[in-house]
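Trainee: Structure incoming, see below.
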Amino acid sequence: MPCLQQRLTRFQFTCLVLLSGLLSQSLWAATTQDKLNQLQLPAGFSISLLSDALPNARQMALSSAGTLFVGSFQEGAVYAIPQALSATPGAPVTIAQGLTMPSGVALNGGDLYVGALNRILRFVDIEANLAAEAPFSVVTDTLPDKAHHGWKYLGFGPDGALYIPVGAPCNMCLSDDERFASILRMNMDTGATEVYARGIRNSVGFAWHPTTRALWFSENGRDMLGDDVPAEEINVATGPGAHFGYPFIHQGDLPDPEFGKDAKAADFTPPRVRIQAHSAALGIAFYTAQQFPERYRHALFIAEHGSWNRSSKVGYQISVVTFDTNGDHYAPFITGWLEDENNWGRPNDVLVAPDGSLLISDDQAGAIYRVS
């Protein structure tokens, strides 16, 4: 390129660079759209591309005004798509950048909260500040700051408190800091946190049941025990104080070879749903709308990010748990991000929109999809 620049005017060279970038974006968009045609959905469902301009898209939050906020991980950015579900969505805006792992986002009273490793940030009246470098304040900067499992998923509970999972700072360890391997609950008046649930290796998704108000959350099992153990878990906390096993017991009944020699499974809360080991179940959402068929009413949708250290890959899909008088029924809902051993996308989060469509973030493709 330097030799080519010597034979072009600066204006011609700049135009060439810009044209190259536009062509690359166009080709990538076309590729993403073409890839969508390879996804398999149940009969009667369709999937469309909302945006593929959000590098490393992670947790989503949708405002009452229709703005979709999206956190990221490696990019250090927080994005906003104004009027995201309208016929003509606005162009994505990077409202913050240069942050450390700002993967978690949640809305409360018109303010946007962002979880960025050890900090919780507050963007006051965010709809009035949808611009680059939007102003924010620091709610706290005293959360654990270990990067290993350090992303902070966020959610406001029925009690008005902010819930924040803190993953274990390792594959397997027992930390002196009780906040690791837990879900914290923050009092928004004082900023103080308490451990709400413990023994949780790494949760990157939770939701409150629409009728019982119990907290359901995903949990990723430990590595290095083989291809098929321990299972990924969907757990239920009916109140504060429960222990879900880590690092002593996995999947409800499997003692850890190092930490679980004297552990008794009966001392811990077992999982509600088991999922194939290494699938990396992350974001979850209960379906509370009316657009999907009746069998999906209050069903639990799960984003399975996909394995990274298994002999053959698993996950890379959206799954669903439906409920009836015969029990819980887990099944794939959307597949096709994994082709043989090659993955072109990694679902990260799911969100039910007011119109009943299901939004999916994909941090590999930097995309948001909409299922109708």
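The values are calculated or read from the model by the stated rules, or taken from the named source; none is laboratory data. Keep in mind that what you see is a predicted model, and the values were worked out from it rather than measured. Reconstructed Cβ throughout: ideal geometry from the backbone, glycine too, with neighbour counts over all protein chains shown. With ligands, DNA and RNA removed, areas are computed over all heavy atoms of the protein, side chains included. Shrake-Rupley method; radii C 1.70, N 1.55, O 1.52, S 1.80 Å.
Trainee: So, in nm, how far is label D34 from label T288 when the simple model puts each one 7 Å beyond its Cα toward the Cβ?
Mentor: Using points 7 Å along Cα→Cβ, the separation is 4.1 nm.
Trainee: Over all pairs of distinct alpha carbons, what does the Kirkwood formula give as the hydrodynamic radius of the chain, in Å? Can you show the working numbers first?
Mentor: Values: mean 1/r = 0.0467 Å⁻¹.
After inverting the mean inverse Cα-Cα distance, the result is 21.4 Å.
Trainee: For D228 and R272, compute 0.36 nm times the residue count separating them, minus their Cα-Cα distance, and round to one decimal in nm. Intermediate results must be reported in sequence, preceding the final value.
Mentor: Details: separation 44, 0.36 × 44 = 15.84 nm, distance 1.80 nm.
Extra length available between D228 and R272 comes to 14.0 nm.
Trainee: Sorted by mean Cβ packing within 10 Å, highest first, what order do the peptides 110-119, 203-212 take? Can you show the working numbers first?
Mentor: Details: 110-119: 21.7, 203-212: 18.7.
My ranking of the peptides, most packed first, is 110-119, 203-212.
Trainee: How big is region 213-320 along each principal axis, measuring the range of its Cα positions in Å and listing the largest first?
Mentor: Projected onto its principal axes, the Cα set of region 213-320 covers 49, 37, 17 Å.
Trainee: Here's a follow-up. With axes computed from alpha carbons, what is the tilt in degrees of helix 10-36 against the longest principal axis of the chain, rounded to the nearest 10 within 0 to 90?
Mentor: Approximately 40 degrees, to the nearest ten.
Trainee: Based on C-alpha coordinates, I'd like the Rg and Dmax of region 301-372, in Å.
Mentor: Here Rg and the maximum Cα pair distance are 13.2, 40 Å.
Trainee: Enumerate the amide H contacts of H305 below 5 Å, restricted to partners 5 or more residues apart or on another chain; note that Pro and chain-start residues carry no placed amide H.
Mentor: Placed amide hydrogens put A281, L282, Y316 under 5 Å from H305.
Trainee: Shifting gears a bit: Residue by residue, what Karplus-based ³J(HN,Hα) values in Hz, rounded to whole numbers, does region 185-195 have, using 6.51, -1.76 and 1.60 with θ = phi - 60° and x for Gly and Pro?
Mentor: Going residue by residue, I get 10, 9, 7, 6, 7, 10, x, 6, 10, 9, 7 Hz, with x marking Gly and Pro.
Trainee: Okay, moving on. Highest first, please rank the peptides 254-262, 308-316 by the mean number of other Cβ atoms sitting within 10 Å of their residues.
Mentor: Details: 254-262: 13.9, 308-316: 16.0.
Highest to lowest by the protection proxy: 308-316, 254-262.
Trainee: Return the sequence-ordered ³J(HN,Hα) values of region 311-324 in whole Hz as given by the Karplus equation 6.51 cos²θ - 1.76 cosθ + 1.60 applied to θ = phi - 60°, using x for Gly and Pro.
Mentor: Once θ is set to phi - 60°, the couplings for region 311-324 become 4, 9, 6, 9, x, 6, 7, 9, 10, 9, 10, 9, 10, 8 Hz.
Trainee: Short version: ³J(HN,Hα) in whole Hz for each residue of region 276-284, in order, from phi by Karplus 6.51 cos²θ - 1.76 cosθ + 1.60 (θ = phi - 60°), x for Gly and Pro, what are they?
Mentor: 2, 3, 6, 5, 6, 5, 10, x, 9
Trainee: Also, I was wondering about something else. At 20 °C and 1.002 mPa s, what whole-number value in µm²/s does Stokes-Einstein give for the translational diffusion of region 74-201, with Rh from the Kirkwood sum over Cα pairs? Display every interim value, and only then the final one.
Mentor: Numbers: Rh = 15.4 Å.
Stokes-Einstein gives a translational diffusion coefficient of 139 µm²/s.
Trainee: Sticking with this one: As a test question: what accessible area, to the nearest 10 Å², does T288 have when a 1.4 Å probe is rolled over all protein chains in place?
Mentor: Rounded to the nearest 10, the figure is 80 Å².
Trainee: Next question. If one computes the Cα centroid of region 203-267 and of region 162-201, what distance in Å separates the two points?
Mentor: So the separation of the two Cα centres works out to 14 Å.
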